[in-house]
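As structure tokens, the structure follows; a few thoughts come after it.
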């Protein structure tokens with residue numbers, strides 16, 4: 001006798017519902033968000049959010065320095081609103097992953113139109129407006145800014161704290177957007193708006209391939225239309241420009257000037273300006289920039305005045321005397337920062353370093369020990385003289401400072 005089709009179908013359904021495969025599929029249905037394949041696999045748990053806040057970050061840790069909040073900033077970068085390839089919010093996300101505190105999107109005022117068929121470029125503040133909400137959400141200070149672009153030898157200038165870039169649109173010559181005749185007037189208008197003005201990459205497109213301080217730069221400097229200068233741009237450090245900054249008391253800047261996406265090798269960080277601010281506020285950052293309280297970082301080198309680089313280094317290193325007798329003293333050193341330091345220990349009134357341990361590198365979060373020969377009476381609370389080869393206080397001039405020993 002033939003079994004009716006309905007009875008056969010019911011029988012097959014009962015067999016399926018009692019099978020392991022059915023149980024697995026039911027488990028997926030009961031667990032919202034579980035993976036569609038192999039829900040019992042450990043790889044499916046716990047569920048991870050795909051929001052950027054939960055992603056891995058690579059900040060460069062800095063020590064605390066009395067009286068200041070040390071803030072990491074990249075104040076020169078571009079987006080699709082001029083000659084970059086990146087959307088403004090992507091710049092914010094990159095900065096968050098890199099552990100930056102401050103950024104400025106500085107698209108070229110004169111070339112804001114070049115992607116006008118793709119984006120609304122009529123408003124010169126558009127990139128700032130698009131990035132601001134995400135920057136606030138991720139705790140990143142977004143400084144409004146723009147880049148003024150002129151022919152060599154005049155060069156390019158960043159305008160920071162520019163609340164309305166449209167106010168400078170009238171200084172653009174549509175027949176010659178790189179017209180140097182309007183440069184001084186443009187920068188004077190920015191100065192009147194309370195902006196901070198930086199000469200960017202001084203050697204860029206120079207036919208001699210070097211940085212040159214020309215007549216136009218001297219005139220801008222004397223008129224107070226140049227507050228800072230990039231001693232580092234895109235990981236290129238120019239010692240001569242560092243020397244100019246010291247001689248003319250210009251604020252030292254180090255920026256990525258990135259046009260495409262950013263990614264650096266493990267153990268490296270993007271070029272950035274370390275700002276010694278009194279508070280974590282826009283007003284305090286602006287005050288610090290005008291006061292020249294900055295240190296440039298690039299490729300694990302630091303560039304800046306001794307009054308800022310020395311405490312940054314000394315507060316990075318924690319010391320402990322592990323053993324002391326008349327023959328030698330063993331000192332333990334720990335680097336609490338995210339910057340490696342190339343050290344050359346030097347002789348002073350207290351110690352002579354052993355020749356085998358005179359030159360050492362102490363990497364981030366690393367602890368090393370050094371042996372010193374006491375000169376005379378054994379003293380455990382004193383200063384170890386050291387040259388820090390990857391900190392330059394002027395062109396080709398490494399920092400010479402000390403590490404205080406503690407029992």
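Read-outs throughout are calculated quantities, based only on the coordinates presented, and are distinct from any laboratory measurement. Worth saying up front: this structure is predicted, and the values here are computed from it rather than measured. Don't worry about glycine lacking a Cβ; one is built from the backbone with ideal geometry, like all the others, and counts go over all protein chains shown.
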Inset, instruction - Give the peptides 124-135, 358-369, 222-233, 205-216 in descending order of average Cβ contacts within 10 Å, highest first. - result: 222-233, 124-135, 358-369, 205-216
Inset, instruction - Have a look at segment 274-315 and give its Rg and Dmax from the Cα atoms, expressed in angstrom. - result: 10.7, 29
Inset, instruction - Among 254, 337, 319, determine the one that fluctuates most according to a GNM of the chain built with springs between C-alpha atoms less than 10 Å apart. - result: 319
Legend entry - Percent antiparallel among DSSP beta bridges (both partners in segment 57-304, rounded to 5): 65
Legend entry - Convex hull volume per residue for segment 254-344, taking Cα atoms only, in Å³: 146
Inset, instruction - Any chance you could get the radius of gyration and Dmax over the Cα atoms of the chain, in Å? - result: 28.8, 113
Legend entry - Cα gyration tensor shape for segment 92-244, rounded if a/c is under 1.5, else prolate or oblate: oblate
Inset, instruction - Could you order peptides 179-188, 67-76 by the average number of other Cβ atoms within 10 Å of their residues, highest first? - result: 67-76, 179-188
Inset, instruction - Please give the length that would be gained between residue 279 and residue 87 if that part of the chain were fully extended, namely 0.36 nm times their separation in residues minus their C-alpha to C-alpha distance (nm, one decimal). - result: 66.1 nm
Legend entry - Spacing of the two label points (7 Å from each Cα toward its C-beta) at residue 290 and residue 266, in nm: 4.5
Inset, instruction - Between 391, 329, 103, find the one with the highest GNM mean-square fluctuation for the chain; connect C-alpha pairs within less than 10 Å. - result: 329
Inset, instruction - Obtain the nm distance between the two label points defined at residue 123 and residue 381 by a simple spin-label model: each point lies 7 Å from its Cα along the Cα-to-C-beta direction. - result: 6.2
Inset, instruction - Take 66, 136, 83, 98 and order them by how many other Cβ atoms sit within 10 Å, fewest up front. - result: 66, 136, 83, 98
Inset, instruction - Arrange 275, 102 by Cβ neighbour counts within 10 Å, fewest through most, would you? - result: 102, 275
Legend entry - Inter-site label distance for residue 349 and residue 178 at 7 Å from Cα along Cβ, in nm: 5.9
